Amino acid sequence: MSNSDSPAPAAEAAVPAAAETQAPAAAPSQNRGPRGPRGPGGFNRGPRRDNRDQQQEDSGLFEKVVFINRCAKVVKGGRRFSFAAIAVVGDRAGKIGVGHGRANEVPDAIKKSTEGAKKHMFSVKLKGDTIPHEVFGAYDGGKVLLRPATTGTGLIAGGAVRAVLEAAGVKNVLTKSMGSSNHIAVVHATIEALLQLKTAEDYAKARA
């Protein structure tokens, strides 16, 4: 019997099935430990070197910068700027101070003015949340008129006068600035008006 009559063997696959190729597994991430709380803006930040994250003790004083003036000195290389600031500080309970500061940078000028105001604080006479009587104050070209008002009137004042009265704790008053609009003059005119305030007890002692 010839070999041609025998059944042909099953043909083997010439090319083996291609194995599925897989991407290499990603390297395991390094264990960095738990993350700290997110800071402002959603970033994980460590403590600042200048300790600005630490909360300063609240002194309970109201601080407000009334005006910042810029002065330019022309020199050979260009201009040199300096800044002068005037600030008011008060406890909103009848105690107030005004300070001035000069420096080559704005933050330094503000710091000097607030520190000077804290060192020279004085008391003024109030009647509840308003002033005892009408008073008029003048300083240089600044002229300020203050009138007492009933509860609910509010602080009808603007600019430098408002800053001084807020620091002093006045909540209901009518004001009118009738002189110069210079911030320094208006602030000191308001201070002069507040220093003239007297209560009924003061007048009673003077008459006794």
Restricting to region 34-86, name every residue that is of a type in the set (S, T, N, Q) and either within 27 Å of E166 (Cβ to Cβ) or at pLDDT 90 or above (or both).
Q55, Q56, S59, N69, S82
Does region 145-159 include one or more residues that are surrounded by 15 or more Cβ atoms within 10 Å (Cβ to Cβ), part of a strand (DSSP E or B) and of a type outside the set (A, V, I, L, M)?
yes
Single match in V89, V135, V173 (criterion: modelled with pLDDT of 95 or more and farther than 24 Å from E201 by Cβ):
V89
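Restricting to region 160-208, what's the tally of residues that are of a type outside the set (D, E, K, R), part of a helix (DSSP H, G or I) and crowded, with 16+ Cβ neighbours inside 10 Å? Before you say what the answer is, go through the steps one by one.
Applying the first criterion (of a type outside the set (D, E, K, R)) to region 160-208 yields 160-161, 163-165, 167-170, 172-175, 177-191, 193-197, 199-200, 203-204, 206, 208.
Pick out the ones that are also part of a helix (DSSP H, G or I) and you get 160-161, 163-165, 167-168, 183-191, 193-195, 200, 203-204, 206.
From the residues that got through so far, the ones that are crowded, with 16+ Cβ neighbours inside 10 Å too are 160-161, 163-165, 167-168, 183-191, 193-194.
The number of residues fulfilling the criteria is 18.
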Name the residues in region 160-208 that are touching a residue at least 60 places away in the same chain (Cβ under 8 Å) and either more than 18 Å from S123 (Cα to Cα) or hydroxyl-bearing (S, T, Y) (or both), would you?
A160, H183, I184, T199
Out of all the residues in region 102-114, is one or more surrounded by 16 or more Cβ atoms within 10 Å (Cβ to Cβ), over 18 Å from the mean Cα position of the chain (by Cα) and either more than 29 Å from D202 (Cβ to Cβ) or at pLDDT 95 or above (or both)?
yes
Could we say that D129 is under 30 Å from C71 (Cβ atoms) and at pLDDT below 95 here?
no
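The values are calculated or read from the model by the stated rules, or taken from the named source; none is laboratory data. Just so it is clear, the model here is predicted, and its values are computed rather than measured. We place every Cβ from the backbone using ideal geometry, glycine too, and count neighbours over all the protein chains shown.
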